[in-house]
Amino acid sequence: MTTNPIHTNRRDFLKTSILSGAAAIATPWILSGSRGSEITSVADPRRSQVAFTHGKDRAQLAFEGLQSFRKGIAAAIGTKRVIIKPNNVAIDNPLAASHAENLEGILEFLKSIGKANVAIAESAANGPTLDGFSNYGYDRLAGKYGASLLDLDREGFEMVHCFDEMDFHPHPCRMSKVLLDPGNFIISAAKFKTHDRVVATLSLKNIVVGAPIKDEGFRWGPGARAGAKNDKPVTHGSGFRGINYNLYALAPRLHPHLSVIDGYQGMEGEGPVSGTPVPHGVCVVSQDWLAADRVAIELMGIDFADVGYLNYCGQTGMGETDLRKIEILGSELKDHIRPYKLASNINEQLIWKRKAAKT
């Protein structure tokens, strides 16, 4: 089912920057005088809903999608600290990282509902997290919105165990306390990207694989500190079966409370780092992270049956994966599907669908 979207223009978006928190809370959606003074959310909390926006303003796409769930998000956050988790798999590759404009749309929305206790937090995969934040302009956003910047590698950890398909044993993995803390409200600021191990990486994977921490001084290549360890490979389970199972098994504790998936410019081919850009101009938002990932998969023209970990999550009731049961708040998806080229090893990735050979 598709519901007509409620749109705001760029002037309306910028107007929220000068509104006080009290005024923003009192008015569910503040618009310019020519558009009306107040419009309430169209979201129905009784079913899985996904807001779908498209256009030419990246920040506005996120902001507008979030508006559909304004009351529900404000209630869900309550007094919790808000953690915005971008995707910084690399600290020096803008195409592979969450764009600052997408984060700005999220921060502007949070400001409009009076939520000020906000942090942008990450454990980057290939080097110092704060270097990546600086490279991508997150420090500017933090200054503008009064948000803090957290390197999850320095914020403590809890030991969790992951499956390894090589020996069928559990292996310890240090996971971020910040992302595991039930007192935090986790927003996954993910991107549309294909992946060389699990077909596609979206809002769930951004949280699960961002949670394992690394030692200070760890980086891939020159400049690494001798002996510094990175626990992220542990979640990959030594193979295509292992990583799909671990993403599924860790999801109950490491899923986002809110998904904002930026498809303004996606990545296809050899993702999550070495792919090529896809101009798409879309954004997906939902409080049902699995429904959000399902809709993003559809927009990427990917067969959902090929994405192992999301199928596992759907089969065990972690969210909605049946498009017939997801209400789309926005335009028809079919008009905006852009088939993404998959990684060259896609046939190897699909081994998760086949029975293991007998020994």
Filter result for I328 (under 20 Å from A62 (Cα atoms), among the β-branched types (V, I, T) and at pLDDT 95 or above): yes
Residue within the range 67-74 that is outside any helix (DSSP H, G or I), of a type in the set (A, V, I, L, M), in contact with a helix residue (DSSP H, G or I) (Cβ under 8 Å, 6 or more places away or on another chain) and crowded, with 24+ Cβ neighbours inside 10 Å present: no
Flag if A251 is among the hydrophobic types (A, V, I, L, M, F, W, C) and not in a strand (DSSP E or B): yes
Exclusive hit being aliphatic (A, V, I, L, M) and buried (at least 24 other Cβ atoms within 10 Å of the Cβ), set V278, V282: V282
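This table checks each residue for (1) surrounded by 17 or more Cβ atoms within 10 Å (Cβ to Cβ); (2) in contact with a Pro (Cβ under 8 Å, 6 or more places away or on another chain).
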| site | (1), (2) |
| --- | --- |
| A76 | no, no |
| I83 | yes, no |
| S98 | yes, yes |
| L103 | yes, yes |
| I113 | yes, no |
| V118 | yes, no |
Condition check for A291: of a type in the set (G, A, S) and either in contact with a strand residue (DSSP E or B) (Cβ under 9 Å, 6 or more places away or on another chain) or assigned to a strand (DSSP E or B) (or both): yes
Of all residues making up the range 53-62, the number that are more than 14 Å from H99 (Cα to Cα), buried (at least 23 other Cβ atoms within 10 Å of the Cβ) and not β-branched (V, I, T): 0
Leading residue by the ranking (farthest from F69 (Cα to Cα)) among those in the range 145-189 that are of a type in the set (D, E, K, R) and touching a Phe, Trp or Tyr at 6+ places or on another chain (Cβ under 9 Å): E165
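Yes/no matrix, rows are residues, columns are (1) within 20 Å of L254 (Cα to Cα); (2) out of contact with any helix residue (DSSP H, G or I) (no Cβ under 7 Å at 6 or more places or on another chain); (3) hydroxyl-bearing (S, T, Y):
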{"site": "L110", "(1), (2), (3)": "no, yes, no"}
{"site": "G114", "(1), (2), (3)": "no, no, no"}
{"site": "I120", "(1), (2), (3)": "yes, no, no"}
{"site": "P128", "(1), (2), (3)": "no, yes, no"}
{"site": "N135", "(1), (2), (3)": "no, yes, no"}
{"site": "Y145", "(1), (2), (3)": "no, no, yes"}
{"site": "D151", "(1), (2), (3)": "yes, no, no"}
{"site": "D164", "(1), (2), (3)": "yes, no, no"}
Some residue of the range 194-201 being buried (at least 18 other Cβ atoms within 10 Å of the Cβ) and touching a Lys or Arg at 6+ places or on another chain (Cβ under 6 Å): yes
Candidate set: the range 295-324, residues that are among the acidic types (D, E) and assigned to a helix (DSSP H, G or I); chosen: the one surrounded by the fewest Cβ atoms within 10 Å (Cβ to Cβ): D306
Subset of the range 256-275 [surrounded by fewer than 21 Cβ atoms within 10 Å (Cβ to Cβ) and either more than 17 Å from I302 (Cα to Cα) or touching a Leu at 6+ places or on another chain (Cβ under 7 Å) (or both)]: H257, V273, S274
Filter result (assigned to a helix (DSSP H, G or I), free of Cβ contacts under 8 Å to residues at least 24 places away in the same chain and more than 17 Å from A292 (Cα to Cα)) within the range 330-359: D335, N347
Test for I243: is it under 25 Å from A125 (Cα atoms) and either part of a helix (DSSP H, G or I) or among the hydrophobic types (A, V, I, L, M, F, W, C) (or both): yes
Conditions (1) crowded, with 24+ Cβ neighbours inside 10 Å; (2) at pLDDT 95 or above; number of the one not met by A125: (2)
Test: E327 is of a type in the set (D, E) and either under 16 Å from L204 (Cβ atoms) or surrounded by fewer than 18 Cβ atoms within 10 Å (Cβ to Cβ) (or both): no
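The values are calculated or read from the model by the stated rules, or taken from the named source; none is laboratory data. Because the structure is predicted, anything quoted here is derived from the model rather than measured. Note: ideal-geometry Cβ built from the backbone for every residue, glycine included; neighbour counts use all protein chains shown.
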